[in-house]
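Working notes, beginning with the structure itself.
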Amino acid sequence: TNLIGRRHIGLRLGMTNHRRVLGFGLRMLSITAVASVSARLSELFLGQIAGLTALGLFSRASGLNNLLWDNIHTVIARVVTVDFAQQQRTRGEFRGSYLRVTAIITGFLWPCFAGIGLLSGPIVLNIYGANWAGAALPLTFLSIGSVIATAATMTSEVYLVCSEQGRQ
């Protein structure tokens, strides 16, 4: 693809903005690292406090909850972030688009997460079987948490577009 469309590709490698690029990369790396380490530490503490059985049940519930979050919310966020950045560069704001996207995401994901929370028992039984029935209660709580998190959707993307990663 790059060979065929080479006239549309412009690579200008240089060190003129290396401090900005390095600063951005370090901020993004630290944000991602803190999020990843906190997730792993919470799993480690859960396993230590409640035992491996509880950790396994939580892990199954978390996997089901994250399926919806990662496959819908993350995909939408990645696509609209590009649009937000374009609007920020051209008009200096993207408030209207953000509110519209938030309404769409909320209108779609709230009923989905609420439905998963209400039907967590049958969902877990049908997907994993009776041995994993204990994952239904954590799935309910995770779904409630996702309903709440959906209300504050795409905050990291907004920080990214506004070049405010340091506030994260």
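Some points to look at:
- The stretch 84-157 and the stretch 1-80 have Cα centres lying 17 Å from one another.
- Spin-label pair Arg167/Ala133, simplified geometry with 7 Å Cα→Cβ offset, distance in nm: 4.9 nm
- Relative to the longest principal axis of the Cα atoms of the chain, the long axis of helix 95-118 makes an angle of roughly 20 degrees.
- In the chain, the longest principal axis of the Cα atoms and the axis of helix 75-90 are about 30 degrees apart.
- For His8 and Thr90, the FRET efficiency from 1/(1 + (r/R0)^6), where r spans their Cβ atoms and R0 equals 25 Å, is about 0.75.
- Crossing angle, helix 52-68 versus the chain [Cα axis fit, 0-90 degrees, rounded to tens]: 50 degrees
- Secondary-structure-derived ellipticity at 222 nm for the chain, considering helices only, amounts to -24000 deg cm²/dmol, per-run term -39500 (n - 2.57) for DSSP H runs with n ≥ 4.
- Length added when fully stretched, Ser59-Ile104, from 0.36 nm per residue minus Cα-Cα: 13.3 nm
- Size of electric dipole in the chain: Cβ of Lys, Arg +1 and of Asp, Glu -1, about Cα centre, debye, nearest 20: 820 debye
- Here the stretch 1-93 has 63 percent of its accessible surface on carbon and sulfur atoms, given a 1.4 Å probe and all protein chains in place.
- Spin-label pair Ala35/Asp70, simplified geometry with 7 Å Cα→Cβ offset, distance in nm: 1.3 nm
- Surface exposure of the chain, expressed per residue as accessible area with a 1.4 Å probe, stands at 70 Å².
The values are calculated or read from the model by the stated rules, or taken from the named source; none is laboratory data. Every value quoted in this text rests on a predicted model; they were computed, and no experiment measured them. For neighbour counting, all protein chains shown are included, and Cβ atoms are generated from backbone atoms with ideal geometry for every residue, glycine included. Note: areas computed on protein heavy atoms with side chains; ligands, DNA, RNA excluded. Shrake-Rupley method; radii C 1.70, N 1.55, O 1.52, S 1.80 Å.
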